[in-house]
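Below: the structure, in structure tokens.
The values are calculated or read from the model by the stated rules, or taken from the named source; none is laboratory data. Since we're looking at a predicted model, the values are computed, not measured. We place every Cβ from the backbone using ideal geometry, glycine too, and count neighbours over all the protein chains shown. Ligands, DNA and RNA are stripped out before the accessible areas are found, and what is left, the full protein with its side chains, is counted by its heavy atoms. Shrake-Rupley method; radii C 1.70, N 1.55, O 1.52, S 1.80 Å.
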Amino acid sequence: MAVAQETLEQLRRQGLESVDPEIADLLGQELERQRGQIELIASENFTWPSVLEAVGSVPTNKYAEGYPSKRYYGGCEVVDEIEATAIERAKAVFGADHANVQPHAGAQTNMAVYMAAMQPGDTMLSLELSHGGHLTHGLRVNFSGRLYNVVHYGVSRETNLVDYDEVRDIAKNCRPKLIVCGGSAYPRAVEADRFREIAGDVGALLLCDMAHFAGLVAAGLHPNPVPHCDFITSTTHKTLAGPRAGFILCREEHAQAVDRAVFPGMQGGPLQHVIAAKAVCFRIAATEAFRDYQRQVRANADALAETLVEGGLELLTGGTDTHLLQVDLRPTRWSGKDAEERLAEVKVTVNRNTVPFDERPPTVASGIRIGTPAATMRGFDDDDFREVGRIIFEALGDAPELGALAAQSEELCRRRPLYPGFRGFTTYAA
Ligand code: DSN
């Protein structure tokens, strides 16, 4: 690396491209990577330009430990307004009593709720990771699996759906303090009302992790878990299309415990620039345009599911109620890892994912998870997704023309440009 020769005065005024062309170039390369492939990782999205600007903004300079009007630092009057606005908007979008918008990411939202709801050693009941759960729902090597006594429910071997009778039986046996519903690879609607009945039967608290489908909830396209749950956790960057971050909703009676668990329980200074971006994300989530976007996310998921099934691939549960599909590769010669790598060769990005009762380890896996939020954000419609489906099953078929399929993907990307005119980072112009 060249030794920096700038004067202090230059560093005070110059933007990224002048000060660090190496990183500026890598950011440009990442933009071109995002532009040049069909992004189907179900947890990813391309956020709004207004959110990108807020993330690159001046509250990054501010310490604000505490909550609006109860801070441990001076000079918080403006960030107080930013955070209070984000809180009010989050509550309004989802119809919640209370919101905490400080968690840096999804893992922190779950950590805070566990801290608010349980003591170490208490029992929690959650969906098995390989059946669609999440590592923070009690994986042995995760903090959740180390601190709490975790019991899992799974999906039915026949239907790949949650079997509510089985969940009730397990809950009656293990008497959990907390039941967790939701996950990161479950393609069907999460029925929080049914979990509520079970939680009521056994005297458990109920958490719904809606990180994946929060955007669909905001748009009224997935049942809202808020009326049924004590706690709801989410990220803002998946279907919700905001900045990379998290937030918690809860009933008023748990508000103080949740706030204390986030700060001072587990986080220090909140990222107020990201909280500003969350406020923007919640504002957008309340618009009719956002509902249109989510309707297209759903329509595209159905179009893709139909096309993949017509092409001979098997989907867990036969389709989806959400933005994501799980392709079960066990009837094929493909592992998830090999399929992920083959699809990368034709400019389609997915992730390998275990399927329920998988005999392969997670690093190899027997499925791929596919989602529609990101490509829909750049304008892909139902017809585009049918074409994407054909590219996928041809790439996984016998003797595919990989060069031609990659060119087809590139042409789709050219037709649906991503961030036209942008160079990958906001520009400082003094
Ligand atoms: N890693 C995220 C996902 O892909 O679903 C969940 O944290």
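Can you give me the % of accessible surface on the stretch 263-349 that is carbon or sulfur? Probe 1.4 Å, all protein chains present, nothing else counted.
Working: 1490 of 3120 Å².
In the stretch 263-349, the share of accessible area belonging to carbon and sulfur is 48 percent.
Just to confirm a number: summing +1 for Lys and Arg and -1 for Asp and Glu over residues other than Gly138 whose beta-carbon lies under 11 angstrom from that of Gly138, what do you get?
Its environment carries a net charge of +1.
Give the residue from Gly336, Phe357, Gly371 lying farthest towards the positive end of the charge dipole for the stretch 301-375; charges sit on Cβ (+1 for Lys and Arg, -1 for Asp and Glu) and the dipole is referred to the Cα centre.
Gly336
Quote the charge dipole size of the stretch 161-209 about the Cα centre in Debye, to the nearest 20; the model charges only the Cβ of Lys and Arg (+1) and of Asp and Glu (-1).
180 debye
Stretch Arg140-Glu401 to full length: gain in nm at 0.36 nm per residue minus the Cα-Cα span?
Taking Arg140 through Glu401 to full extension adds about 89.7 nm, to one decimal.
Asn45: net charge of surrounding residues, Cβ under 13 Å, Lys/Arg +1, Asp/Glu -1, itself excluded?
+1
For the stretch 156-267, what does the accessible surface come to per residue with a 1.4 Å probe? Please give it in Å².
The answer is 36 Å² per residue.
Excluding Gln256 itself, what net charge comes from residues whose Cβ is under 13 Å from its Cβ, given Lys and Arg +1 and Asp and Glu -1?
Cβ neighbours under 13 Å give a net charge of -1.
Could you tell me the calculated FRET efficiency between Tyr428 and Tyr73, based on Cβ-Cβ distance and R0 = 30 angstrom, to the nearest 0.05? Provide the component values of the computation, followed by the final result.
Values: r = 25 Å, r/R0 = 0.84.
With a Förster radius of 30 Å, E is 0.75.
Given C-alpha coordinates of the stretch 303-430, what is the ratio Rg to Rh with the Kirkwood estimate of Rh?
Rg divided by Rh gives 1.03.
What does the charge dipole of the chain about its Cα centre add up to, to the nearest 20 debye, if the Cβ of each Lys and Arg holds +1 and the Cβ of each Asp and Glu holds -1?
Value, rounded to 20: 760 debye.
Determine ³J(HN,Hα), in whole Hz, for all residues of the stretch 135-140 in sequence, where each value follows from phi through the Karplus function 6.51 cos²θ - 1.76 cosθ + 1.60 and θ = phi - 60°; x replaces Gly and Pro.
Rounded to whole hertz, the list is 4, 7, 9, x, 4, 3.
Leaving ligands, DNA and RNA out of it, report the carbon-plus-sulfur percent of the accessible area of the stretch 133-261 at a 1.4 Å probe.
Using a 1.4 Å probe with all protein chains present, the stretch 133-261 comes out at 45 percent carbon and sulfur.
Starting from the Kirkwood Rh over alpha-carbon pairs, what translational D in µm² s⁻¹ does the chain have by Stokes-Einstein at 37 °C and 0.692 mPa s? Intermediate results must be reported in sequence, preceding the final value.
Values: Rh = 22.7 Å.
Rounded, D is 145 µm²/s.
Of the beta bridges DSSP finds with both residues in the chain, what % are antiparallel, to the nearest 5?
55 percent
Quick one: check the C-alpha center-to-center distance for the stretch 212-283 versus the stretch 400-430, whole angstrom.
Using only Cα atoms, the two centres lie 31 Å from each other.
Determine the gain in length on full extension of the stretch Arg175-Glu197; use 0.36 nm per residue of separation and subtract their C-alpha separation, reporting nm with one decimal.
The span from Arg175 to Glu197 would gain 6.5 nm if fully extended.
Rolling a 1.4 Å sphere over the protein heavy atoms, what is the accessible area per residue of the stretch 1-82, to the nearest Å²?
64 Å²
Using label points projected 7 Å from each Cα along Cα→Cβ, tell me how many nm separate Glu17 and Glu53, to one decimal.
Calculated label separation equals 1.9 nm.
So if a site counts as exposed when it's one of the GluC sites (Glu not before Pro), its DSSP state isn't H, G, I, E or B, and it has at most 13 other Cβ atoms within 10 Å, what's the longest stretch of the chain without one?
It runs 159-358.
What number comes out for accessible area per residue over the stretch 289-333 if the probe is 1.4 Å? Units Å², please.
Per-residue accessible area for the stretch 289-333 comes out at 37 Å².
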